[in-house]
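Take a look at the structure below.
The values are calculated or read from the model by the stated rules, or taken from the named source; none is laboratory data. Remember, it's a predicted structure, so these values are computed and weren't measured experimentally. Note: ideal-geometry Cβ built from the backbone for every residue, glycine included; neighbour counts use all protein chains shown. Heavy atoms of the whole protein, side chains included, go into the accessibility calculation; ligands, DNA and RNA do not. Shrake-Rupley method; radii C 1.70, N 1.55, O 1.52, S 1.80 Å.
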Amino acid sequence: MSILNINWEPGFGTIFTWFAMDKLGRVAVMVNNCWGWLPNALLSIDNFESLLDELNEYKWEESEKFINYPPNKRGQTILDLYSSLVHRNTKSRKEIEDWVNAKQPKELSEINLPSRKGFFVYHGIEGSVEGEDYPVGYDGKTKMGDYFRYLMPTVYASIEDFPEEIRHGIAVSDTVDFTNDRLLDNDKINEYFPRMYKK
C-alpha cells in the first residue's frame, strides 16, 4: 500500500525529493529532509512513488526509459542559505562557498545540479528537536520543515527540460518566485503549490 497519500505526515527517517515550478516557470528540486510537507496535489496522485522515482532517475541521468537529456547549461552554482546543523563544523561561509565552487566533478551531484541542470535546490530544515537546525543567513523566524533556498543556478531549467510523460509529477505555483523567495513556510506548502503541471 502506498504511504504517499493525503493522510501522510512527515516524520523522522524518511526523505522525499520532489520537484516544483514557480510562477516564472523555473524549476526547483525540493528535499524535505524528513520534516517538510509535500503538497496534497502531489500526494493525491496514485502510485506517485514510481513517478517520483522516474523524475529523480531522470534528474541524475540514470533513467532506462528516458535517455535523451538536455545539454549541460554551463551555468554556475551559487550558495544562498545553508544548514547550521549540516555545516556545524564549518568555520565560515567562505569555506562553504569555496567547497561549492570547487566541487564540480564530472559525475552529477547535488552541488552541480544548479550549474549543469539549472535547478534551484531547496532543503527542509531538519533536526531531532525544534531549533537544532536553522538556515544560516536568514534573519526571520523558522521552524523544522520550512524549506530554505540552499543553491541557486545562473541559467534556469524549465518544464521543457523534462520528458512530457513525467511532467505531471511537478508541482506548480502561481505565487512563488524562486529568484526572490528564500524561505517557504512549511505550513503553507499547499497554498504555494496547489496543483500539478498539465499541458
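For segment 1-97, the number of Lys pairs with C-alpha atoms closer than 28 Å, counting only pairs eight or more positions apart or on separate chains, is 5. How much of the accessible area of segment 116-199, probe 1.4 Å, is carbon plus sulfur, in whole percent? Percent of accessible area from carbon and sulfur atoms in segment 116-199: 46. The residue list 115, 68, 56 was ranked by how far each Cα lies along the charge dipole of segment 17-196 toward its positive end, using unit charges on Cβ atoms, and 115 comes out on top.
The label point for residue 76 and the one for residue 107, both projected 7 Å from the Cα toward the Cβ, are 2.7 nm apart. Accessible area per residue (1.4 Å probe, heavy atoms of protein chains only) ranks 90, 175 as 175, 90, with the largest value leading. Computed extension length for residue 177-residue 84: 31.0 nm, one decimal, from 0.36 nm per residue of separation with the Cα-Cα distance subtracted.
Counting only Cβ charges, +1 for Lys and Arg and -1 for Asp and Glu, the dipole size of segment 17-196 around its Cα centre is about 700 debye.
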